[in-house]
Amino acid sequence: MRRGSTPLRFEQPIHVTRPLLPPLAELNAELEKVWASGWLTNGGEQHALLERELAEWLGAPNLSLFNNGTAALMVACQALQVTGEVVTSPFTFPATPHVLSWNKVAPVFADIDPETMNITPDTVAPLVTGATSAVLAVHVYGLPCDVRGIDRLAQAQGLKVLYDGAHAFGTTIDGEPVARFGDATMFSFHATKLFHTAEGGALAVRDAETKARVDLLKNFGIRNEEEVVLPGINGKMNELQAALGRVVLRHVAAERARRERVGRIYRERLAGAAGLRIVAMPPGVTDSHQYLILRVDEQGAGCSRDALHARLKRFNIVTRKYFHPLCSQYDCYRHLPSARPERLPNAHRVAAEVLSLPYHGGLADDDVHRICDAIEYSLAR
Ligand code: T4K
């Protein structure tokens, strides 16, 4: 961009994300098999194949597919018999605390670390009471929690550990797949996720016995024609979703590579901008490439996150404030003692700073440069 000139407005909205859409012919080839089988759901061939392929991809041998990530987390609470109170993060999507409420469990919000943006053993420990049965931590944006510290705390206190890994598809920690930690890890395969099945999700658990329980719970508790052994729900992924997932999976590596390049351009272009910082993965962590997060320090940038978000809209660039407001600010949770703002200072600060920038493989290099031009221009206004 020439200095002083106004960047051009995009003709079409530039979204925060776009789904990976594989060639339709590839999907049709799989759908023809589904049609020929006459089998659309309730554990068909595509389901079995995808479950196996993902178990390998995620390094999570005890994996169960679901119709969405929220249902997977609902079932995780049932399978692990979570009761009473659960310590969780306020800096997340509403699904995280809502699954606790739907399980008649009280969410207790812990503050987050200002850098990892996740709850930590230090913020969780003081909130553990006799009623606490578990920790439900979130690997927000694919940034891993202090998994070893949380596991230690949980062991010492006899708590279960559930991870909301909705953003952590492909995250590894020192070479270890993220699902190896805790008692259960949920993945979301929503259309907005890098790997997706339009709607979908999965739950990884520690052992085959727990997986068997999860599989019963996601299918009404039906063991066979004669026996219903648990009060389960319908959490099943259907054959069309599974077929889509199998085709999308073939293109995940290319999408990751493309996002890496997009991320590099953002980092190079915005490196010197005062008050702006792009969130980076800590050493030893493989990025899930789910989101690209800008942190806006209002004082340094001379512009608030909200102002930048609004100014970018004028260029047809639709950024998102994931995750503002905090879950602790929702009407259904703000009455909780743990939701009081003075108890969550880091969460409030971080929620006012973060902006999810457009980040997907459909962005051309030139698009990213134009977005950066618009950011630089907006900061100066
Ligand atoms: N835990 C965490 C931490 C989560 O982030 C989520 C979901 C969950 C649990 C629950 O998992 P699921 O039950 O959903 O599997 C979106 C997604 O709907 C949601 O899955 C995701 N997190 C959340 C962070 O983002 P919205 O309300 O922002 O979606 P929406 O419709 O505004 O879409 C965002 C952008 O994506 C649009 O501006 C354009 C683009 N888009 C979206 C869709 C649906 C497309 O280009 N095509 C599409 O089909 O929640």
Rg to Rh ratio, segment 236-331, alpha-carbon atoms and Kirkwood radius? 1.06
If you put +1 on each Lys and Arg Cβ and -1 on each Asp and Glu Cβ, how big is the dipole of the chain around its Cα centre, in Debye rounded to 20? 1220
Could you tell me what % of all Cα pairs in the chain have separations over 28 Å? 47
Along each of its three principal axes, how wide is the spread of alpha-carbon positions in segment 149-223, in whole angstrom units, largest first? 39, 34, 17
In the neighborhood of Ala191, defined by Cβ-to-Cβ distances under 10 Å, what is the net charge if each Lys or Arg adds +1 and each Asp or Glu adds -1? +1
What Kirkwood radius, in Å to one decimal, follows from the Cα pairs of segment 3-107? 18.2
Cα-based reach from Lys160 at 12 Å (exclusive), listing aspartates and glutamates while leaving out same-chain residues under 8 positions away: Glu85, Asp151, Asp183
Projected area averaged over orientations for segment 24-250, convex hull of C-alpha atoms, nm²: 12.4
Of the listed peptides 65-76, 324-335, 46-57, 224-235, what is their order by residue-averaged count of other C-beta atoms within 10 Å, with the highest listed first? 65-76, 46-57, 324-335, 224-235
Taking only the alpha-carbon atoms of segment 295-381, what semi-axes of the equivalent ellipsoid follow from 5 times the gyration tensor eigenvalues under a square root, in whole Å, largest first? 30, 15, 10
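Each reported figure results from applying straightforward, stated rules to the coordinates on display, with no laboratory input. On a predicted model such as this, the values are computed, not experimentally measured, just so you know. Cβ: placed from backbone, ideal geometry, glycine included. Neighbour counts: every protein chain shown.
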